[in-house]
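Read the structure below first, then the notes.
The values are calculated or read from the model by the stated rules, or taken from the named source; none is laboratory data. Source: prediction; values computed, not measured. Cβ: placed from backbone, ideal geometry, glycine included. Neighbour counts: every protein chain shown. Protein only, heavy atoms only, side chains kept; ligands, DNA and RNA dropped before computing areas. Shrake-Rupley method; radii C 1.70, N 1.55, O 1.52, S 1.80 Å.
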Amino acid sequence: MKILVVGGGGREHAIIKKLKQNPTVQTIYALPGNGGMAQDAVCVPIGAKEIEKIVEFAVQNGVDYAVVAPDDPLVLGAVDALNAVGIACFGPNKAAAAIEGSKVFAKNLMKKYGIPTAAYQVFTDPRAACDYLQTAPLPAVIKADGLALGKGVIIAQTREEALAAVHAMMEDKVFGASGNQIVVEEFLTGPEVSVLAFTDGVTVKPMVSSMDHKRAGEGDTGPNTGGMGTVAPNPYYTEAVAQTCMETIFLPTVRAMAAEGRPFKGCLYFGLMLTPHGPKVIEYNCRFGDPETQVVLPLMESDLLTVMQATTNGTLATCELRFAKRCACCVVLASEGYPKTYQTGFPLTIPADLADSVYVAGAKLDQGTLVTAGGRVLGVTAVADSLADAIHSAYQKAERIHFENAYCRRDVGQRALLAEKE
Ligand code: AMP
Ligand code: GLY
């Protein structure tokens, strides 16, 4: 089979490595991929948002199955466009991808179907939003409606910050049209859990849980990033919590989407907070998480392509999905300064024996030499029988990978280790 994967980060590298384990897979094209995954896929310089070019490439090259991994092309309708020319795809269509593409849609869906989430108000007028924020409880959580590269959430501790966020999103349009509407919601507290789940629109099968480390600095300080590391499973996510989430969140969400005429097929990402009043949805994503995928897929024992095709064909109920009862840790090596300003272009060396453990996100080939080309450069994953061993091993591997301005958080997994002891 010829497979096409849309996207070019660490998540896509993890998906590609896992897909390669299926013996029927002959070729994987990555659009655009990156220089660091050139050994695993044929990288083609077509951007993830260039939908017409993606479709043209898929048709011309006889692609049998496409996996659309990032949010942007899903929200723009890449799956619809590929399906229209007869190419089967993993991922939701445009109507279903709205669950991530519009926070207003997602919040209204949860309200309508009684799915637990933070209380909220929607604003289309900046003056009304500012009036409300003059007296709203603090901290206030302010979210741009549309996609914003993971930066569209402001947790305002003061009224000044809250008003500044409204001005930036709704008047200065720092996230473009994504700020035409905003959601202001209640501030929740509790441990966060990421759960990625396969669904075919009817059946939902969760993968092993995970914990992201979103802030740039140790001890969860500094600005939000795309994710500086992950561990799986998440020790806060007990069997009892999992059962509650299935009954009150996962199944109701899948049923709600079907009832709205937007059946969701693909990977639905539940960003959960385990509050004193039970698990609540912080956000939905219409795709695999990054870097959650880099710990979840290495623990997956079932064949990824088979499960993906079952979500497309509506046969997930009879498809086995099994995970190893082991632990994984992924440490992200970033360019010093990320997520703000940073330098790139530094030569990057990855020892050959670590190739299976490294998922490259931001690197390119420059006259045959691999050099850094992004904020998050790569993730290093280790799998072990205990969380402590997985963390230790991931850092040992990370020590052996060098580039000039490498930065990583030293405390990935420490919160999870403490939780294990509680
Ligand atoms: P998101 O981009 O939606 O994942 O939000 C980024 C981060 O903001 C989340 O991982 C949470 O840590 C935090 N967050 C979002 N919504 C809330 C909320 N209602 N209460 C507390 N923290 C939140
Ligand atoms: N790691 C969070 C996300 O993928 O959105």
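Points to keep in mind about this one:
- Rounded, prolate or oblate (a/c below 1.5 giving rounded, otherwise prolate when a/b exceeds b/c) for the stretch 334-388 by Cα gyration tensor: oblate
- For the chain, the Cα-based Rg and Dmax, in that order, read 20.6, 60 Å.
- Within the accessible surface of the stretch 368-422, defined with a 1.4 Å probe on protein heavy atoms only, the carbon and sulfur portion equals 48 percent.
- The distance from the alpha carbon centre of the stretch 312-336 to that of the stretch 164-203 is 24 Å, rounded to a whole number.
- Ordering of 67-78, 265-276, 5-16, 402-413 by packing [mean C-beta count within 10 Å, highest first]: 5-16, 67-78, 265-276, 402-413
- Heavy-atom accessible surface of the stretch 250-333: percent carbon and sulfur, 1.4 Å: 50 percent
- Solvent exposure of the stretch 2-66, expressed per residue, is 40 Å² of accessible area, with all protein chains present and a 1.4 angstrom probe.
- Rounded percent of accessible protein surface that carbon and sulfur make up, the stretch 1-153, 1.4 Å probe: 52 percent
- Rounded Å value of the spacing that divides the Cα centres of the stretch 64-89 and the stretch 344-375: 28 Å
- Of the beta bridges in the stretch 22-160, as assigned by DSSP with both residues counted there, near 45 percent are antiparallel.
- Over all other residues within a Cβ to Cβ distance under 15 Å of ARG415, the charged ones net out to -2, with Lys and Arg as +1 and Asp and Glu as -1.
- Debye log10 I(q)/I(0) for the stretch 149-259, one point scatterer per Cα, at q = 0.14, 0.20, 0.24 Å⁻¹: -0.83, -1.18, -1.23
- Short-range pairs are left out: with C-alpha atoms under 8 Å and at least six residues apart, the relative contact order of the chain is 17 percent.
- Taken per residue, the accessible surface of the stretch 71-146 reaches 40 Å², heavy atoms only and a 1.4 Å probe.
- Among the GluC sites (Glu not before Pro) found in the stretch 248-333, those both in a DSSP coil and sparsely packed, with 15 or fewer other Cβ atoms within 10 Å of their Cβ, are GLU301, GLU320.
- For the stretch 347-422: accessible area per residue (Å², 1.4 Å): 49 Å²
- Value of [θ]222 nm, deg cm²/dmol, for the chain, DSSP H segments ≥ 4, -39500 (n - 2.57) each, nearest 500: -8000 deg cm²/dmol
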